[in-house]
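Colleague: Below is one structure. I have some questions about it.
The values are calculated or read from the model by the stated rules, or taken from the named source; none is laboratory data. Note that the structure is a prediction, hence the values are computed from the model and not measured. With ideal geometry, Cβ positions are generated from the backbone for all residues, glycine too; neighbour counts draw on all protein chains shown. The area values use the complete protein model at the heavy-atom level, side chains included, leaving out ligands, DNA and RNA. Shrake-Rupley method; radii C 1.70, N 1.55, O 1.52, S 1.80 Å.
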Amino acid sequence: MKNIGFIGLGTMGGPMAQNILRKGYSVKGFDLSPDALERHREAGGTTAGSPKEAAEGVDVLITMLPDGPDVERAILGENGAIHGLESGSVVIDMSTIDPSYTQRIGKVLAERGIAMVDSPVGKTADHAIAGTLTLIVGGDRKDVDQVRPVLDCMGTDFFYCGKLGMGEAMKLANNFLANTILSATSEALVMGVKAGLSLETMMAVMRTTMAWNNQLGISLPKKALADDFSLGFMVRLAEKDHRLAIQMAKSLGVETPVGTAAFDVLKQASGNGLAGLDVSAVLRLREEQAGVKVRLAQ
């Protein structure tokens, strides 16, 4: 399985495709952005003019797109990948979307003898560049095993979650919790600084208690607390993922009062001009409202 198609060469998808290229695969890419296509060509890949063309003659087709309708359109739409894929090929959707889209698309593909695996990813754009993403995988086990060498080009932490769509379900639950922790952590830090505590004191104490989390230990010190809001994971995408998680919970009869409050925070951040910044900009939202700035000493 040496011929790969890749649809979606953006902040995450571009580096992921390049890591597949570095492992000796042929990668034919498609994106709506001419700049993204040019970067792919410069990295040694070939380019296609449509999803259908990207799918022609490939063993594995990967999609890395913003939302379910985008994936459905790229695969099943007019001039979509389904019109170029051959029986026996495998589609890996690495987008973060509603599991119902994944399962519906997978059913249509299966009718044509095309397998589907879902593998949304965890971590950030830096990990996409390094090839150390977390791979959160669903699908028939034999199909997953078949494409495992391709997946391993992009990530180092592999988790098989079950049938098709379970990778998506796991990713939504994960991001739901991460976003909620981020919101609560930001409120606590701003509250403490506003009260007169130093950030260093707060983090030293919290490191010894049940308040400690990876937002405090890893994410925030690298980003917001260092005054860096450049992209790792965009606010508007975090908002999208959180919305999908709440929808999934509602369909399952699970109430989410705390997570719904965190979703309101993400919507507020987007509405305050922070949509295109890293999700850690939720801290900036709280800072601006409180009139303080929370930063580690440089």
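Colleague: To the nearest 10 square angstrom, how much accessible area does residue 9 have with a 1.4 angstrom probe?
Modeller: Estimated to the nearest 10 Å², residue 9 gives 10 Å².
Colleague: Here is a follow-up. Express in whole angstrom the spacing between the alpha-carbon centres of region 231-248 and region 17-35.
Modeller: 25 Å
Colleague: Report, by chain and number, residues whose modeled amide H sits under 5 Å from the one on residue 92, excluding near sequence neighbours (fewer than 5 apart, same chain).
Modeller: Counting only residues 5 or more places away or on other chains, the set is 61, 62, 63, 117.
Colleague: Still on this structure: Please report the antiparallel percentage of the DSSP beta bridges confined to region 75-189, to the nearest 5.
Modeller: 25 percent
Colleague: Can you put 187, 86 in order of accessible area, largest first, using a 1.4 Å probe? Each step should come with its number before you reach the end.
Modeller: Values: 187 85, 86 110 Å².
Largest to smallest exposure gives the sequence 86, 187.
Colleague: Heavy-atom accessible area per residue, the chain, 1.4 Å probe: how many Å²? Mind showing how you got there, number by number?
Modeller: Details: 13260 Å² over 298 residues.
On a per-residue basis, the chain sits at 44 Å².
Colleague: At 222 nm, what value in deg cm²/dmol follows for the chain if DSSP H runs of at least 4 each add -39500 (n - 2.57) and the sum is divided by all its residues, to the nearest 500?
Modeller: Computed ellipticity for the chain at 222 nm equals -14500 deg cm²/dmol.
Colleague: Also, I was wondering about something else. Using only protein heavy atoms and a 1.4 Å probe, report how much of residue 176 is accessible, in Å² to the nearest 10.
Modeller: Its accessible surface works out to 50 Å², give or take rounding.
Colleague: Which of the three applies to region 1-152, rounded, prolate or oblate, going by the alpha-carbon gyration tensor with a ≥ b ≥ c and a/c under 1.5 meaning rounded?
Modeller: Values: a/c = 1.37, a/b = 1.19, b/c = 1.15.
Rounded, because the longest to shortest axis ratio a/c is under 1.5.
Colleague: Would you work out the relative contact order for region 179-275, in percent, from Cα pairs under 8 angstrom that are 6 or more residues apart?
Modeller: So the answer I get is 32 percent.
Colleague: Right, another one. Residue-wise, which Karplus ³J(HN,Hα) couplings in Hz belong to region 252-261, taking 6.51 cos²θ - 1.76 cosθ + 1.60, θ = phi - 60°, and x for glycine or proline?
Modeller: Using θ = phi - 60°, the values come out as 9, x, 9, 7, 9, x, 6, x, 5, 5 Hz.
Colleague: From the phi angles alone, apply the Karplus equation (6.51, -1.76, 1.60; θ = phi - 60°) to region 35-43 and give each ³J(HN,Hα) in whole Hz, x where the residue is Gly or Pro.
Modeller: Going residue by residue, I get 5, 5, 5, 5, 4, 5, 5, 4, 7 Hz, with x marking Gly and Pro.
Colleague: Need the C-alpha centroid separation for region 148-195 versus region 71-106, integer Å.
Modeller: When both Cα centres are located, 24 Å separates them.
Colleague: Another one. In the set [x] 64, 46, 34; [y] 61, 43, 38; [z] 71, 45, 39, which value of Cα extents along the principal axes in Å was calculated from the structure you see?
Modeller: Matching entry in [x] 64, 46, 34; [y] 61, 43, 38; [z] 71, 45, 39: [x].
Colleague: Another question, then. Just by accessible area at a 1.4 angstrom probe, what is the order of 140, 59 from largest to smallest? Please report the intermediate quantities before stating the final value.
Modeller: Numbers: 140 80, 59 50 Å².
Reading off the accessible areas and sorting them downward yields 140, 59.
Colleague: Then there is this: Find the relative contact order for the chain and round it to a whole percent, using C-alpha pairs within less than 8 Å whose residues are 6+ positions apart.
Modeller: Values: 555 pairs, mean separation 40.6, N = 298.
That works out to 14 percent.
Colleague: Compute, for residue 53, the solvent-accessible surface of its heavy atoms (probe 1.4 Å) with the complete set of protein chains present, and express it in square angstrom to the nearest 10.
Modeller: The accessible area of residue 53 comes to roughly 80 Å².
Colleague: Subtracting the Cα-Cα distance from 0.36 nm times the residue separation, let me have the gained length for residue 181 to residue 163 in nm, one decimal. Kindly include the intermediate steps, with their values, before the conclusion.
Modeller: Details: separation 18, 0.36 × 18 = 6.48 nm, distance 2.82 nm.
Fully extending the segment from residue 181 to residue 163 adds 3.7 nm.
Colleague: Shape call for region 226-292 from the C-alpha gyration tensor, a ≥ b ≥ c root eigenvalues: rounded (a/c under 1.5), prolate (a/b greater than b/c) or oblate?
Modeller: Values: a/c = 2.89, a/b = 1.82, b/c = 1.59.
Prolate, because a/c is 1.5 or more and a/b exceeds b/c.
Colleague: Also, quick follow-up: Run the simple label-point estimate for residue 261 and residue 209 please: 7 Å along Cα→C-beta, distance reported in nm.
Modeller: Each label point is offset 7 Å from its Cα along the Cβ direction, giving 1.7 nm.
Colleague: About the Cα centre of region 124-264, how large is the charge dipole given +1 on each Lys and Arg Cβ and -1 on each Asp and Glu Cβ? Please answer in debye to the nearest 20. List each step's numbers first, then the result.
Modeller: Values: 13 positive and 15 negative charges, 33 e Å.
That gives a dipole near 160 debye.
Colleague: Rank these residues by their accessible area, most exposed first, probe 1.4 Å: 171, 293.
Modeller: Numbers: 171 15, 293 130 Å².
Descending order: 293, 171.
Colleague: Could you go through region 73-85 in sequence order and give the Karplus-derived ³J(HN,Hα) for each residue, using 6.51 cos²θ - 1.76 cosθ + 1.60 with θ = phi - 60°, rounded to whole Hz, and x for Gly and Pro?
Modeller: 3J(HN,Hα) across region 73-85, in whole Hz: 5, 5, 9, 9, x, 4, 6, x, 4, 4, 7, x, 6.
Colleague: In addition: Quick check for me: using +1 on Lys/Arg Cβ and -1 on Asp/Glu Cβ, what's the dipole size of the chain about its Cα centre, in debye to the nearest 20? Before the final figure, lay out the partial values.
Modeller: Working: 30 positive and 34 negative charges, 99 e Å.
In total the dipole reaches around 480 debye.
Colleague: What would the Debye equation give as log₁₀ I(q)/I(0) for region 187-298 at q = 0.17, 0.19, 0.24 Å⁻¹, counting only Cα atoms as equal point scatterers?
Modeller: Calculated log10 I(q)/I(0) at the listed q: -0.88, -1.05, -1.35.
Colleague: Right, another one. Excluding residue 101 itself, what net charge comes from residues whose Cβ is under 9 Å from its Cβ, given Lys and Arg +1 and Asp and Glu -1?
Modeller: Numbers: positive: 104; negative: 67, 72, 93, 98, 168.
Residues close to residue 101 contribute a combined charge of -4.
Colleague: Would you be so kind as to identify which of 156, 115, 176 lies farthest towards the positive end of the dipole of region 107-187, taking Lys and Arg as +1 and Asp and Glu as -1 on Cβ and the Cα centre as origin?
Modeller: 115
Colleague: If I compute solvent accessible area with a 1.4 Å probe over the protein chains, what percent of it on the chain is carbon and sulfur?
Modeller: Numbers: 7220 of 13260 Å².
Carbon and sulfur atoms account for 54 percent of the accessible area of the chain.
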